[in-house]
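Heads up, the thing below is written out as structure tokens.
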Amino acid sequence: MSHLIGKIWQNPHILAILLYSSLAIVFTYPLILHLADMIPGCCDVWFFVWDFWWFKYALTHSLNPLFTDFMFYPLGTNLAAITTTPLNAIISIPLQSAFGLPTAFNLILLSEIILGAYSAFLLLRHISKDDWASMLGGVVYAFNPYVVGKIMAGHLNLLPTPFIPLSMLFLLKLFERPNLRDAVLLGLSMAFLAYTELQYFALTSVFFLFFIGYKLWIETGELQKFVWRTLPIDKSSPLWVQALVCLCAAYFFLGGVLIVYYITYLIPWISYLIYIIPILLIPFALNSALKNPEVKPVLGHIAVSLVVFTALAGPLLAYTALYFFQNTPAGLPAGYGGLGVYSADLLAFLIPNYYSPIFGDAVRPFYAAISLPVNIMEQVVFPGYSVLLLAYFAWRGGDRDAKFWLMFASAFAILSLGGILTIANIPFPVPLPNLLLELLIPFYSIIRVPSRFALLMMLSLAAVCALALKTLKFQGSRRAVLALFLALILIEYYPATLQFTSTAMPQIFQALANEKGSAVLNVPTGMIDAWIGTKQLYYQTAHNLPMVGGYLSRSTNNTYQFIRANPAISQLVGQIDSENSSSFRLCKPTTIEYSKKIFLDYKIKYAILPNYSNKEVDFDRYFFMNAVISTYLKELSGCSQLLSALFGSPIYVDNEVSIYQIYNESN
């Protein structure tokens, strides 16, 4: 036994996997004891559970898994650009068959965190050549407060996927020693990343652009020469004066970009003309690459990576592009990218972890102030004071590699701030580089939430931490100091008990599964029910009937076409006012003459109303909209009264749902 333990202790890979597995269990406890009857998070989590079920159902019934008419029946909806996770869903199919849907979901969730941490370990081990420091770096990447926030929100697609570190690893290897193997693996990693989460694929693509730009114009000194030629800088002036001139130039340049950005917002077709600019830059970049002795040998292998990637992920990207061209996305206040309300607040980088059992109560009022009008999950970007301290040591130490990754961490932190600088929820007239990227890069707006650049910031900081711990001089035991920093980081990162949701399924839905050919009506039939009503997606995994209504993270102008066209159904909707998120209409009887024949024509036989008296979700841990929610719950009683007036008393009631029979075929 001691011999076996000795072998494990000497194998950094086994140790890393054991460490990350243990932390995943501890951070999500007691999930490991309830794999089949609980899932972490609420609200959006049901969409991802549904996504797993739908992929299995679609593939076993020879249907297109990227389109469904089981939601927003009968027209259906395109799923390509609405946060589906095809790779995870496909992997879950044998797990669903063996263990059931909830267990499969939880196993994928835990695996994503563990493999994400281990992949970061592999990347950092390559960068730092230090096993122990790299293990700590894996913790920084996969267990930080940003990740905990995604678990709390049920955002399976936004967990620390292994394919971001792996893509970076193979890119670095390719530049160090160009070879076909790493070129193919780079293409595979990026393709798998696209099939895991398109937003993270877009974020990682930005890293690739920055990395290539660094190799071409910063490392070679070309950018510095351009700055000297363009700006009125005296080389003999103090460094702070030079920096001030550069900042002023950047401010006025980005100010001009901001003006153009708002012009394109008012006149969208102008954006297509602006896309000509990056096309014109391609020959310039290619010319610089051919002159660069470090980049030129890699070009052929990057072409191989692109071929592999296109062969695998091309169909998904083409289908997604079709979605963008055919539909006008709706529901985001500042354009599809959401640069205004979905950006990180600058102070959020310095305020302790919202989920911390130690600091949480003290900092929640601050998060309440900076999170309106969206939930706090998009504001939790705190890297940890221990990590910031190590970053300071790295900067002071002068290590070239550490400064390289610190530069990237800073860049991603700036990008996570969105288009306009916000401090304590107060916008300042300081335009930021995100505006330029959204103008120049087609489909950049698929990122939607700039604060999600925080994951790449944390991966870059993980590399900085590994390099700092490698180069620091310790007077005592090095492993003891590493253990101390690990303990400090875990104290800052460890969350209070997560929110869990029961996966118990009302038996009535098993009975409804026998109603083949029928459909159900979700009430309220709109996006207002995202707070709790998304569990109707989970009910569908049992009754297997198409439903009018549903939940999408990105709605389009066509999503509600059928609902709006039929007054008998549209009177049951619940939709947020696009101009005022605290205003909504809910189940208001129409004054328009209409026929109930629409239900019979489309065989919409049952209406399902969630019972919101069931206090399954603690909203205080997710939103700071208690007044709105209180009004919403009060308004919801009107839905019950309207349904009873239209269809009679419910045929089934429990603490979760009320079910109404819309028509009886015998009548």
Only listed residue being touching a Leu at 6+ places or on another chain (Cβ under 6 Å) and of a type outside the set (V, I, T), chosen from L417, L440, L436: L417
Evaluate the range 635-648: report whether one residue or more is of a type in the set (D, E, K, R), outside any strand (DSSP E or B) and either loosely packed, with under 13 Cβ neighbours inside 10 Å or at pLDDT 75 or above (or both). no
When both residues are 6+ apart or on different chains and their Cβ atoms are under 9 Å apart, which pairs have a first residue that lies in the range 425-437 and is in contact (Cβ under 8 Å) with a residue 12 or more places away in the chain and among the basic types (K, R), and a second that is surrounded by 16 or more Cβ atoms within 10 Å (Cβ to Cβ) and part of a loop (DSSP other than H, G, I, E, B)? none
If I filter the range 302-346 down to residues being among the aromatic types (F, W, Y) and at pLDDT 75 or above, which single residue comes out as surrounded by the fewest Cβ atoms within 10 Å (Cβ to Cβ)? Y319
Out of (1) modelled with pLDDT of 90 or more; (2) loosely packed, with under 15 Cβ neighbours inside 10 Å; (3) among the aromatic types (F, W, Y), the odd one out for F474 is which? (1)
When both residues are 6+ apart or on different chains and their Cβ atoms are under 9 Å apart, which pairs have a first residue that lies in the range 275-297 and is under 14 Å from W217 (Cα atoms), and a second that is open to solvent by 80 Å² or more (accessible area, probe 1.4 Å) and at pLDDT 80 or above? A289/K296; L290/K296
Any residue at all in the range 376-398 that is open to solvent by 30 Å² or more (accessible area, probe 1.4 Å), without any contact (Cβ under 8 Å) to a residue 24 or more places away in the chain and at positive phi? yes
Working carefully through the options F121, F170, find the one that is open to solvent by 10 Å² or more (accessible area, probe 1.4 Å) and at pLDDT 95 or above. F170
Provide a single number: the residues in the range 173-195 that are touching a residue at least 60 places away in the same chain (Cβ under 8 Å), open to solvent by less than 20 Å² (accessible area, probe 1.4 Å) and in contact with a Phe, Trp or Tyr (Cβ under 6 Å, 6 or more places away or on another chain). 6
Total residues in the range 587-620, condition modelled with pLDDT of 50 or more and either basic (K, R) or closer than 21 Å to W46 by Cβ (or both): 19
In the range 442-463, is there at least one residue being assigned to a loop (DSSP other than H, G, I, E, B) and out of contact with any Phe, Trp or Tyr (no Cβ under 6 Å at 6 or more places or on another chain)? yes
Only residues that are part of a helix (DSSP H, G or I) and in contact with a strand residue (DSSP E or B) (Cβ under 7 Å, 6 or more places away or on another chain): list them for the range 464-511, please. I508
Show the residue pairs meeting these rules: Cβ distance below 9 Å; 6+ apart or different chains; first residue within the range 347-359 and open to solvent by 80 Å² or more (accessible area, probe 1.4 Å) and at pLDDT 90 or above; second residue among the hydrophobic types (A, V, I, L, M, F, W, C) and assigned to a loop (DSSP other than H, G, I, E, B). L350/F382
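The values are calculated or read from the model by the stated rules, or taken from the named source; none is laboratory data. Treat the numbers as computed from the prediction; the structure is a model and nothing was measured. Glycine also receives a Cβ, built like all others from the backbone with ideal geometry; neighbour counts cover every protein chain displayed. Calculation scope for accessible area: heavy atoms of the full protein, side chains included, ligands and nucleic acids excluded. Shrake-Rupley method; radii C 1.70, N 1.55, O 1.52, S 1.80 Å.
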